[in-house]
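Below is one structure, written out as structure tokens; comments come after it.
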């Protein structure tokens, strides 16, 4: 069934010139509220021991993910899965690797309340924010009920919604720029081999679940919070949300377990395990060049 879909999509793309990837667009935001959210995103006082902020595991200046295999949170406790990028996350159909959060609002609560990450409670979050008089002043300005846990989350999400990173490839899609011969070859191979069956749409992923290790098993000696952890359906074991490929050049290590240290190795593994194709070095190199065109530019608010 999956192979038929891949074949159908690949043929449709080739014969009818369909573009499986959509150019990025900005999301409407309240800029002033987003600036408050940015301050909160960077604020380590929103962790019980004042050791981590959202930025600690989602460095927006380096791909929006974590260069460590797992992140380190409260009391130097270690996480159980690789931190995905927060850049362009507003376009994901679900949040977290196993999709347990329906949107950014649910997702933002998770790390704050997780005993391994920020180890906070809603009450403690409110207490920490109220200590800062400037925060209180801004919350009163933007929210009739002032500082509440829900309003803190809303402000953080407002900032995250600004993290849209248009790239060279978006300019190409809009007819405002061009790709090199090698980049175009990589894009052609990306479509021809069926990578676009999962990595498509505005976020080049982030809009479906897929099993890692479809043609060859992806063995690991650890248990990760996969889709099965949410659904308890045995068919969902080793199934994860398809990650966005935007800014993928910057977000090593790759996969839920950080098992691929380089982009080339990630491409090779996905060819072997999920496409059943032994990609040669020249093909891997071309696909990598295409993927690098998805590296985007942060919005102005990130540097203000």
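For this structure, a couple of remarks:
- Conditions (1) at pLDDT 95 or above; (2) crowded, with 17+ Cβ neighbours inside 10 Å; number of the one not met by residue 212: (1)
- Qualifying positions in the stretch 227-241 - in a loop (DSSP other than H, G, I, E, B) and either in contact with a strand residue (DSSP E or B) (Cβ under 6 Å, 6 or more places away or on another chain) or not assigned by TED's automatic domain parsing to the domain that holds residue 273 (or both): 227, 238
- Looking across the stretch 71-89 at every residue that is at negative phi and in contact (Cβ under 8 Å) with a residue 60 or more places away in the chain, the one that is surrounded by the fewest Cβ atoms within 10 Å (Cβ to Cβ) is identified as 80.
- Filter pass, residue 61 being assigned to a helix (DSSP H, G or I), modelled with pLDDT of 95 or more and under 23 Å from residue 247 (Cα atoms): yes
- Some residue of the stretch 280-287 being crowded, with 19+ Cβ neighbours inside 10 Å, over 18 Å from the mean Cα position of the chain (by Cα), touching a residue at least 24 places away in the same chain (Cβ under 8 Å) and closer than 19 Å to residue 22 by Cα: yes
- Of the residues making up the stretch 58-70, those that are crowded, with 22+ Cβ neighbours inside 10 Å and on the phi < 0 side of the Ramachandran plot are 58, 60, 65, 66.
- For the condition closer than 22 Å to residue 56 by Cβ and either assigned to a helix (DSSP H, G or I) or within 14 Å of the chain's Cα centre (by Cα) (or both), residue 115 does not qualify.
- Test: residue in the stretch 90-102 that is touching a helix residue (DSSP H, G or I) at 6+ places or on another chain (Cβ under 9 Å) and free of Cβ contacts under 8 Å to residues at least 12 places away in the same chain: yes
- Residue tally, condition assigned to a helix (DSSP H, G or I) and farther than 23 Å from residue 120 by Cα, over the stretch 143-185: 11
- Among the candidates 262, 220, 251, the residue that is under 21 Å from residue 296 (Cβ atoms) and out of contact with any strand residue (DSSP E or B) (no Cβ under 9 Å at 6 or more places or on another chain) is uniquely 251.
- Taking the criterion of being surrounded by fewer than 18 Cβ atoms within 10 Å (Cβ to Cβ) and in a loop (DSSP other than H, G, I, E, B), the residues of the stretch 32-57 that qualify are 49, 50, 51.
The values are calculated or read from the model by the stated rules, or taken from the named source; none is laboratory data. Computed from a predicted model, the values in this text were never measured in an experiment. Cβ atoms come from the backbone with ideal geometry, glycine included; neighbour counts cover every protein chain shown.
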